[in-house]
């Protein structure tokens, strides 16, 4: 019995049809398998991933026929000859105006061909199929095999890989290594060392990121878990001055998230020097009108928080001059 494997890719709009001969219910001899091999070695050809997935999904083994050896697949070669003689030859003088019309004519002749009696064996092809092949056939899988494409990619320093202009996260430990992407119409799988290390929903948004928090390094995860309200509440537990410095980090940035790292830096200073010294340093930084992380860190490093707060000089009075009209002029 002979036939063909038909594989199509909606992403690349490619269509492949590979002739096969069914040796039994589990083994298929594949004709012209070059498109399915990554290394067409004469003695040990290496199949590609799509080849292996097809065999696993449909529960069969694919055996590549040797080039220029038609006897490796005699049933296929003979079936082609029979079809040319009893179908194509009978249609050679007819003109068809649609593919559906041609398929209908072939279907009628195919029924006649399969019911034609064998010359040297009893019965016909239809009877042989019903007796030998049909009992061994198993039902097809519930779902069709999803056509996937595979792509090699290198993990960038931000632990993301680029696919079609969108960026997908992978575990941080794989930074600067090469991985393989298995891409279907709905999912993106990241494979490293024949193991799946990440899976994401496919996105067509250019320049956007799809990030799994579990893929982040510990420092980035800690950054993600904080929020402005939580940081301000932490500052208030330390003291009024610390809360003021935390609020300053949030309010003076274009986005509050840009102040997260400075606030986490203040948290680290509190663990190193203690909350009491941190509160004193923040009070001094507010007093000198420099409530930044670097100012607080410098104050703690130099021990200035343990000194009396600086006295701010009173503003100089306005000079008396006929050209200085004062606020009363504008009333």
*Condition met for residue 152 (over 10 Å from the mean Cα position of the chain (by Cα) and part of a strand (DSSP E or B))*: yes
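Inside segment 1-81, counting only strands (runs of 3 or more DSSP E) that do not spill past its ends, which hold 1 or more residues that are at pLDDT below 70 and out of contact with any strand residue (DSSP E or B) (no Cβ under 6 Å at 6 or more places or on another chain)?
2-9, 14-22
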*asked:* Suppose we filter 141, 122 for residues that are in a loop (DSSP other than H, G, I, E, B), touching a residue at least 40 places away in the same chain (Cβ under 8 Å) and loosely packed, with under 13 Cβ neighbours inside 10 Å; which single one remains?
replied: 141
*Conditions (1) modelled with pLDDT of 85 or more; (2) under 30 Å from residue 181 (Cβ atoms); number of the one not met by residue 99*: (2)
*Here are 279, 311, 322: which of them is at pLDDT below 85 and either in the same structural domain as residue 232 (by TED's automatic domain parsing) or more than 20 Å from residue 240 (Cα to Cα) (or both)?*
322
_Hits in segment 72-110 - residues which are in contact with a helix residue (DSSP H, G or I) (Cβ under 8 Å, 6 or more places away or on another chain) and loosely packed, with under 12 Cβ neighbours inside 10 Å_ = 94
*Restricting the search to segment 56-74, which residues are within 28 Å of residue 182 (Cβ to Cβ) and touching a residue at least 24 places away in the same chain (Cβ under 8 Å)?*
57, 58, 59, 60, 61, 62, 63, 64, 65
*Going through segment 177-195 one residue at a time, which ones are over 9 Å from the mean Cα position of the chain (by Cα) and surrounded by 11 or more Cβ atoms within 10 Å (Cβ to Cβ)?*
177, 178, 179, 180, 184, 185, 191, 192
*In segment 155-170, what residues are surrounded by 18 or more Cβ atoms within 10 Å (Cβ to Cβ) and not in a strand (DSSP E or B)?*
155, 159, 170
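The values are calculated or read from the model by the stated rules, or taken from the named source; none is laboratory data. Just so you know, these numbers come straight off a predicted model, no measurement behind them. Neighbour counts are summed over all protein chains in view; Cβ atoms, including those assigned to glycine, are modelled from backbone coordinates with ideal geometry.
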